[in-house]
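The block underneath contains the structure these notes are about, expressed in structure tokens.
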Amino acid sequence: MKIKQGPLKCWDIYAMHLVEQSKSFTVREDIKALSILKDKYKWNFNIADMLSNKAFDAIVLTSIDREILWVNKGFTKMTGYSTKFALGKQPSFLQGEKTTKASLDAIKTGLQQQSPFTNQIINYKKNGSLYNCELHIYPLKNKADTVTHFIAIEKELRLF
């Protein structure tokens with residue numbers, strides 16, 4: 001007697017659950033790391049709210065001078081660059097030939113105004129391929145209301 005077998009749909013459902021659980025764990029890991037930095041630099045913002053309300057692939061923390069101080073694991077996954085390589089550099093190392101002057105100017109203006117802003121930019125991965133990146137950049141202020149750092153919440157968008 002031959003038994004007919006169909007697809008195990010319950011595994012599909014369970015796999016989707018595991019993917020969501022993994023994303024949730026990653027966000028909690030990012031929140032924990034940023035909470036430690038928040039305490040160190042005495043920032044005045046709610047990390048959990050910021051990260052829980054946005055779909056993102058990568059997070060980049062820079063000093064006021066735009067030196068990269070911390071990136072999450074998603075940064076490495078999205079760009080191919082290791083944390084060790086990125087630390088101490090400016091995010092401009094991701095830019096290249098097809099990065100537009102207009103997007104660079106908009107980012108420069110947003111940083112100078114020291115208020116939250118959103119922009120899109122063409123960046124380059126370690127393997128040389130380009131990607132369209134949506135940036136949500138927030139100034140991080142200390143208790144004296146002075147901007148000390150910037151945090152970029154980044155999402156890779158489909159190319160054109």
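Numerical summary
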{"read-out": "Local electrostatic count, L34, Cβ distance below 14 Å [Lys/Arg +1, Asp/Glu -1]", "value": "+3"}
{"read-out": "Three-way shape label, the stretch 15-160, alpha-carbon gyration tensor, a/c 1.5", "value": "oblate"}
{"read-out": "Accessible area (Å², per residue) of the stretch 34-160, counting only protein heavy atoms and a probe of 1.4 Å", "value": "56 Å²"}
{"read-out": "With every protein chain in place, the stretch 86-153: carbon and sulfur % of accessible area (1.4 Å)", "value": "49 percent"}
{"read-out": "Label-point separation in nm, K126 to K143, each point 7 Å along Cα→Cβ", "value": "4.0 nm"}
{"read-out": "Those GluC sites (Glu not before Pro) in the stretch 67-147 that DSSP places in a loop and that have at most 11 other beta carbons within 10 Å", "value": "E97"}
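The values are calculated or read from the model by the stated rules, or taken from the named source; none is laboratory data. Because the structure is a prediction, the values reported are computed rather than measured. Don't worry about glycine lacking a Cβ; one is built from the backbone with ideal geometry, like all the others, and counts go over all protein chains shown. All accessible areas refer to the heavy atoms of the entire protein, side chains included, with ligands and DNA or RNA removed. Shrake-Rupley method; radii C 1.70, N 1.55, O 1.52, S 1.80 Å.
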